[in-house]
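**Student:** Before I ask anything, let me first share the structure, which is written out below as structure tokens.
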Amino acid sequence: MKKILPLLLMGILPFVLFAQQKCPNILIIFSDDHAYQAIGAYGNKIIPTPNIDRIAREGALLTNNFVTNSICGPSRATLLTGKYSHLNGYAFNERKFDFNQPVFPALLQNSGYQTAWIGKLHLGNLPNKGFDYFNVLPDQGDYYNPDLINNKNGTLRYTGYVTDIISNLSFDWLNGRDTAKPFFLVVGEKATHRVWMPSVDDLGAYDNIDFALPPSFFDGYDGRAAAADQDMTVAKTMRLQQDLKVHLDYTKDDGYNRFTPQQKKVFAAYYDKISKEFDSKHLTGKELARWKYERYLKDYYATAKCLDRNIGKILDYLDKTGLAKNTVVIYASDQGFYLGEHGWFDKRFMYEQSLRSAFVIRYPKVIKPGTIVPQFVANIDWAPTVLDIAGTKIPKDMQGISFLPLLSPKKNVVIPWRDEVYYHYYEYPEPHHVHPHFGIRTPRYKLIYFYQGLSTWELYDLQADPQELHNVYANKENNGVIADLKQRLKKLMEQYKDGEALGILERAQ
Ligand code: CA
């Protein structure tokens with residue numbers, strides 16, 4: 001026995017270690033509308049996000065992570081398929097995602113993973129494959145006392161606040177999982193989606209902060225017809241009652257009619273005070289817009305506070321259970337979001353705040369703490385990267401590429417990588433009257449073409465104009481740049497097989 005044991009150790013132990021390294025657990029915390037500029041690791045100095053920052057500090061921060069169609073459902077469809085909207089068929093919100101097409105969690109299952117999606121899914125359909133377990137909010141779901149649909153017991157109502165409930169359900173699933181298998185879990189957060197209802201624990205958490213207006217808040221949209229034609233401003237579109245909770249009607253079905261008496265008491269006491277303050281001020285014009293902006297940010301950040309706290313709870317769980325060392329943790333938002341830039345809330349446009357999305361990843365032993373990844377990655381790359389981490393073959397028809405090599409760069413080795421991203425947005429006219437558009441973003445320039453009800457080109461020099469306030473398409477000195485970008489745009493459409501866009505581009509020349 002004495003002779004066999006070292007042999008066993010020599011033979012089996014390395015195999016076990018290898019297997020563990022080959023198949024780490026993968027946990028994606030996927031939030032909704034959480035702006036990168038609201039996160040400390042991305043430069044926000046006003047509101048702390050210690051737990052998202054912790055993932056970045058202990059792993060990698062992707063500074064140029066872009067989405068290919070900046071709205072909720074389409075981003076989730078791209079996450080599942082590694083494909084652009086025109087190929088996965090989910091270009092618009094509030095449709096039914098076709099789960100009969102290949103989705104990457106099914107490939108993880110084939111590789112021996114146990115898989116689950118818990119929380120917000122928002123694809124108009126329930127998974128018929130790819131997930132051993134799901135427990136998801138119907139559609140947008142509710143912040144308070146939400147219903148969730150699971151594949152074991154159907155629809156159940158849970159008492160409490162959605163972000164806490166989703167964490168607890170995730171812990172329940174993790175505690176009961178088959179520990180012989182690695183796991184893949186998506187924690188689908190509802191936060192920080194409109195109508196930004198904070199937990200009763202966080203009401204007024206940031207009331208002592210005076211949020212400065214972004215420099216572009218009173219944007220006049222000169223030379224930008226599509227930007228002028230939208231319906232997503234804080235000043236006009238944002239609703240005082242349903243969004244900002246001034247004189248709420250708690251009988252209306254906006255999620256406000258689901259409170260327990262105790263929750264309602266605390267919630268109503270806080271917003272009654274806000275409503276009285278609003279009445280006493282008699283605000284109009286720019287002062288009213290400024291007040292709405294302040295209230296928007298206070299609710300948005302208070303909602304995000306609970307999100308970050310729950311990310312901390314998840315990290316603590318991994319620490320306490322010993323899972324942390326062999327679990328990859330990703331925090332990402334489905335897209336970016338406007339926090340008053342250009343006067344807006346919401347997303348959709350190809351401008352920076354909605355195009356760019358938060359993405360941080362911790363992968364012990366592989367990613368060096370504090371790694372910064374500046375290369376251009378896109379949400380089509382997320383699925384191939386997760387498959388690569390799991391040691392699972394990436395299907396050839398996925399349009400993204402694994403950025404795993406970028407996460408552990410070797411000194412003096414340059415990894416060839418793309419320096420352009422292709423974007424295509426569709427949903428029009430409802431709900432925010434943002435004209436469909438496509439475009440290309442390079443490190444310095446962004447070229448966009450808006451169509452349907454409009455036919456306009458926009459060019460931004462991001463070096464000279466990072467706020468994207470000056471459309472310089474008409475400047476003759478840019479003709480060479482424009483010709484080059486149009487050629488590259490056409491090539492990207494061909495590469496990504498966006499035939500519809502190619503037709504529109506041909507007519508637009
Ligand atoms: Ca979203």
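**Student:** Of all helices (runs of 4 or more DSSP H) completely enclosed by region 1-110, which ones contain at least 2 residues that are within 15 Å of the chain's Cα centre (by Cα) and at pLDDT 95 or above? Even if it seems obvious, please write down each step before you answer.
**Tutor:** On the way: elements: 4-22, 50-58, 72-81, 85-88, 104-110.
Here the list reads 72-81.
**Student:** For Leu203, indicate whether it is surrounded by 16 or more Cβ atoms within 10 Å (Cβ to Cβ), farther than 30 Å from Thr115 by Cα, modelled with pLDDT of 95 or more and not small (Gly, Ala, Ser).
**Tutor:** The answer is yes for Leu203.
**Student:** Are there any pairs, at least 6 apart or on different chains, whose C-beta atoms fall under 7 Å, with the first in region 376-398 and in contact (Cβ under 8 Å) with a residue 24 or more places away in the chain and the second of a type in the set (Lys, Arg) and assigned to a loop (DSSP other than H, G, I, E, B), and if so, which?
**Tutor:** Phe376/Arg418; Ile380/Lys83; Met398/Lys83
**Student:** Does at least one position in region 300-321 carry a residue that is within 16 Å of the ligand (Cβ to nearest atom) and touching a Pro at 6+ places or on another chain (Cβ under 6 Å)?
**Tutor:** yes
**Student:** Does Val200 meet the test of being within 16 Å of the ligand (Cβ to nearest atom) and in contact with a helix residue (DSSP H, G or I) (Cβ under 7 Å, 6 or more places away or on another chain)?
**Tutor:** For Val200, the condition - within 16 Å of the ligand (Cβ to nearest atom) and in contact with a helix residue (DSSP H, G or I) (Cβ under 7 Å, 6 or more places away or on another chain) - is not met.
Per-residue answers, yes or no, for (1) within 16 Å of the ligand (Cβ to nearest atom); (2) assigned by TED's automatic domain parsing to the domain that holds Leu318; (3) aromatic (Phe, Trp, Tyr); (4) in contact with a Pro (Cβ under 9 Å, 6 or more places away or on another chain):
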position: Ile330; (1), (2), (3), (4): no, yes, no, no
position: Leu339; (1), (2), (3), (4): yes, yes, no, yes
position: Ser354; (1), (2), (3), (4): yes, yes, no, no
position: Tyr363; (1), (2), (3), (4): no, yes, yes, yes
position: Ile372; (1), (2), (3), (4): no, yes, no, no
position: Val377; (1), (2), (3), (4): no, yes, no, no
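**Student:** Which condition number in (1) within 16 Å of the ligand (Cβ to nearest atom); (2) at negative phi is the one that Asp346 fails?
**Tutor:** Unmet for Asp346, out of (1) within 16 Å of the ligand (Cβ to nearest atom); (2) at negative phi: (2).
**Student:** What is the residue count in region 58-72 for residues that are buried (at least 24 other Cβ atoms within 10 Å of the Cβ) and within 16 Å of the ligand (Cβ to nearest atom)?
**Tutor:** Number satisfying all stated conditions: 7.
**Student:** Are there any pairs with C-beta distances below 9 angstrom linking a residue in region 132-149 that is in contact (Cβ under 8 Å) with a residue 60 or more places away in the chain and on the phi > 0 side of the Ramachandran plot to a residue that is of a type in the set (Gly, Ala, Ser) and not in a strand (DSSP E or B), with the two at least 6 apart or on different chains, and if so which?
**Tutor:** Partner pairs satisfying both residue conditions: Asn145/Gly160.
**Student:** Still on this model: So which residues in region 78-119 are within 16 Å of the ligand (Cβ to nearest atom), closer than 23 Å to Asp132 by Cβ and touching a Ser or Thr at 6+ places or on another chain (Cβ under 7 Å), if there are any at all?
**Tutor:** Thr78 - this is the single residue of region 78-119 that is within 16 Å of the ligand (Cβ to nearest atom), closer than 23 Å to Asp132 by Cβ and touching a Ser or Thr at 6+ places or on another chain (Cβ under 7 Å).
**Student:** Is it true that some residue in region 171-192 is part of a helix (DSSP H, G or I), touching a strand residue (DSSP E or B) at 6+ places or on another chain (Cβ under 6 Å), away from the ligand (no atom under 16 Å from the Cβ) and in contact (Cβ under 8 Å) with a residue 24 or more places away in the chain?
**Tutor:** Yes - at least one qualifying residue is present in region 171-192.
The values are calculated or read from the model by the stated rules, or taken from the named source; none is laboratory data. Predicted model, so just to flag it, every value in this text is computed and none were measured. Note that each Cβ is placed from the backbone with ideal geometry, even for glycine, and that neighbours are counted across all protein chains shown.
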